[in-house]
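Below you'll find the structure, written out as structure tokens, and then a few comments.
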Amino acid sequence: MSPSPEDSQNEFTPEERRILLKLAHQSILSKFDRREISLDPPSPHLAQPRGVFTTIYLHGALHGCVGFVLPVASLYRNVAETARSAAFEDTRFPPITREEAADLEVSLSILSPLRRMAAEEIEVGRHGLLISKAGQRGLLLPQVPIEHGWDRITFLEQTCRKAGLPSDAWKNGASIESFTAEIFSDQDTAIANP
């Protein structure tokens, strides 16, 4: 039996990781220079449609996170678009300045396809969640419950809250979908800002 996509580990080579992280930084910097960057994927693997979230940190603190759950375009294009959006359009934070751009750390979370899952199957630290009901949706990445020290029940409740639902909606008819993510950052790959 072959492993499911969500069982794969380290799907992306160190070189592909460097390429994607460099692309994220270039996409952010290109806004200041008002220049376009090439969005032609350099390999068939990076041309595959994939969901991705780009998280940026400034001086170690969260400063933006934007992503696509569904594979709306090639991974390469999605990384460029989410990086720029995380830096300039996440309304929780002010847009970054040119001076701050040199101090940004980028983290990419490349998502597996979504699949329905029972609440008792959720593994903290392995699965991300998308909970939806009555047109409201909330998503949390796999690393979030680890960062906050949450157990499975708290993770489910917090994802419901993010959707604007009652915290027990996961027990009362909400759809629970899970995904895994391959997560890597500038620190992991020793990427220096271009």
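The values are calculated or read from the model by the stated rules, or taken from the named source; none is laboratory data. Bear in mind the structure is a predicted one, so any value in this text is a computation, not a measurement. Counting neighbours? That spans all protein chains shown, and the Cβs are built from the backbone with ideal geometry, glycine included. To get the accessible areas, we keep the full protein, side chains included, count just its heavy atoms, and leave off ligands, DNA and RNA. Shrake-Rupley method; radii C 1.70, N 1.55, O 1.52, S 1.80 Å.
Brief remarks on what is shown
- The stretch 158-192, residues that are out of contact with any strand residue (DSSP E or B) (no Cβ under 9 Å at 6 or more places or on another chain) and open to solvent by less than 50 Å² (accessible area, probe 1.4 Å): 167, 189
- Candidate set from the stretch 31-57 (those that are hydrophobic (A, V, I, L, M, F, W, C) and open to solvent by less than 20 Å² (accessible area, probe 1.4 Å)); member that is nearest to the chain's Cα centre (by Cα): 52
- Restricting the stretch 58-73 to residues that are under 13 Å from the mean Cα position of the chain (by Cα) and more than 14 Å from residue 96 (Cβ to Cβ), the residue that is surrounded by the fewest Cβ atoms within 10 Å (Cβ to Cβ) is 70.
- Residue check, residue 180 at pLDDT below 95 and either hydroxyl-bearing (Ser, Thr, Tyr) or within 18 Å of residue 53 (Cβ to Cβ) (or both): yes
- Note on the stretch 102-124: residues that are open to solvent by less than 80 Å² (accessible area, probe 1.4 Å), of a type outside the set (A, V, I, L, M, F, W, C), part of a loop (DSSP other than H, G, I, E, B) and at pLDDT 95 or above amount to 0.
- Restricting the first member to the stretch 117-143 and to residues that are over 17 Å from residue 171 (Cα atoms), and the second to residues that are among the β-branched types (Val, Ile, Thr) and open to solvent by 10 Å² or more (accessible area, probe 1.4 Å), the beta-carbon pairs closer than 6 Å and six or more apart or on different chains are 125/146.
- Which numbered condition residue 76 fails, given (1) more than 24 Å from residue 13 (Cβ to Cβ); (2) at pLDDT 95 or above; (3) open to solvent by 10 Å² or more (accessible area, probe 1.4 Å): (1)
- Residue ID - nearest to residue 113 (Cα to Cα), chosen from residues in the stretch 83-99 that are open to solvent by less than 70 Å² (accessible area, probe 1.4 Å) and touching a residue at least 40 places away in the same chain (Cβ under 8 Å): 83
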